[in-house]
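What follows is a set of notes on a single structure, which appears directly below.
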Amino acid sequence: DTEVTQTPKHLVMGMTNKKSLKCEQHMGHRAMYWYKQKAKKPPELMFVYSYEKLSINESVPSRFSPECPNSSLLNLHLHALQPEDSALYLCASSPLAGGTDTQYFGPGTRLTVL
Amino acid sequence: LAKTTQPISMDSYEGQEVNITCSHNNIATNDYITWYQQFPSQGPRFIIQGYKTKVTNEVASLFIPADRKSSTLSLPRVSLSDTAVYYCLVGDISSGDKLTFGTGTRLAVRP
């Protein structure tokens with residue numbers, strides 16, 4: 001299995017809602033990532049988990065809360081989002097094999113905040 | 001962390017070879033060069049990775065000169081389905097680098 005899966009594919013939420021994005025991989029990778037991508041822009045790194053511990057947080061607002069329950073799962077909890085948070089949210093994983101580490105991306109969740 | 005510079009866009013025709021160059025003047029000794037392809041509303045997909053000289057796989061070649069300050073992704077005989085954004089990334093995960101996506105090159109392949 002060489003796939004990163006993300007659910008849901010699409011999500012529409014209001015600014016007062018609480019929702020979660022889910023990401024799963026079964027490749028035995030020990031690093032997982034969340035990216036945010038706005039239209040016609042490159043992906044921007046939000047969080048990096050290495051061996052299930054948060055290793056990099058790119059100063060993302062607290063309304064985004066990541067969680068890594070185990071080495072195969074990565075969640076992104078959303079609360080009190082703003083319309084400008086509407087974007088494609090990408091999850092990725094990598095083996096954590098050093099300089100040759102390759103990131104495998106999921107298809108993304110298209111989030112719309114009303 | 002080495003910063004990368006790529007052309008914003010390129011046009012080509014089906015069947016042609018396309019070469020996309022990436023500049024990374026301050027590349028570090030341990031950094032690798034990795035290229036990703038991204039179609040609209042999909043996650044980026046790994047194409048190729050190299051450290052020096054030339055690397056070739058079933059979809060592309062990567063040319064890296066001796067000084068490693070630039071690299072060129074070569075796509076042989078492109079088709080319409082190669083229309084995508086191509087990103088060059090430079091870094092070393094083992095050193096704690098977070099690989100940063102630059103602006104990428106938007107390639108348009110025409111019939």
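Derivation of every value follows stated rules applied to the coordinates shown; laboratory data play no part. Just so we're clear, the structure is a prediction, and the values are computed from it rather than from any experiment. Don't worry about glycine lacking a Cβ; one is built from the backbone with ideal geometry, like all the others, and counts go over all protein chains shown.
What aspartates and glutamates could a cross-link reach from B:LYS69, if we take a straight Cα to Cα line under 14 Å and drop same-chain neighbours fewer than 8 places away?
Qualifying aspartates and glutamates at Cα under 14 Å: B:ASP31.
Rounded to the nearest 0.05, what FRET efficiency do B:THR53 and B:ARG77 give with R0 = 22 Å and r taken as the Cβ-Cβ distance? Could you check? If you can, show how the numbers build up before the last one.
Values: r = 23 Å, r/R0 = 1.03.
Here the calculated transfer efficiency is 0.45.
What is the P(r) of chain A, as percent of Cα-Cα pairs per 5 Å bin from 0?
Each 5 Å bin holds this share of Cα pairs: 2, 13, 24, 26, 19, 10, 4, 1, 0.
If amide hydrogens are placed 1.01 Å from N in the peptide plane, which non-local residues have theirs closer than 5 Å to the one on A:MET46?
A:TRP34, A:TYR35, A:LYS36
Over all distinct alpha-carbon pairs, what is the Kirkwood Rh of the range B:40-111 in angstrom?
Over the range B:40-111, the inverse of the mean reciprocal pair distance is 13.8 Å.
What FRET efficiency comes out for the pair B:LYS3/B:SER41, r = Cβ-Cβ distance, R0 = 30 Å, nearest 0.05?
0.65
Let me have the relative contact order for chain A, percent, based on Cα pairs under 8 Å that are six or more residues apart.
Working: 287 pairs, mean separation 41.3, N = 114.
About 36 percent, as a whole number.
Over all alpha-carbon pairs of the protein assembly as shown, lay out the pair-distance distribution in 10 Å bins, whole %, shortest bin first.
Going out from 0 Å in 10 Å bins, the protein assembly as shown shows 8, 32, 35, 20, 5, 0 percent.
Taking Cβ-Cβ under 4.7 Å as the only way to count a partner, pick out the unpartnered cysteines of the protein assembly as shown.
Unpaired cysteines in the protein assembly as shown: A:CYS68.
Quick one: Karplus J couplings for the range B:77-84, per residue in order, coefficients 6.51, -1.76, 1.60, θ = phi - 60°, nearest Hz, x for Gly and Pro?
Listing the rounded values in order: 6, 5, 10, 4, 6, 8, 5, 5 Hz.
Given that compact globular proteins tend to follow 2.2 N^0.38 Å, what is the ratio of the alpha-carbon Rg of the range A:47-112 to that value?
1.19
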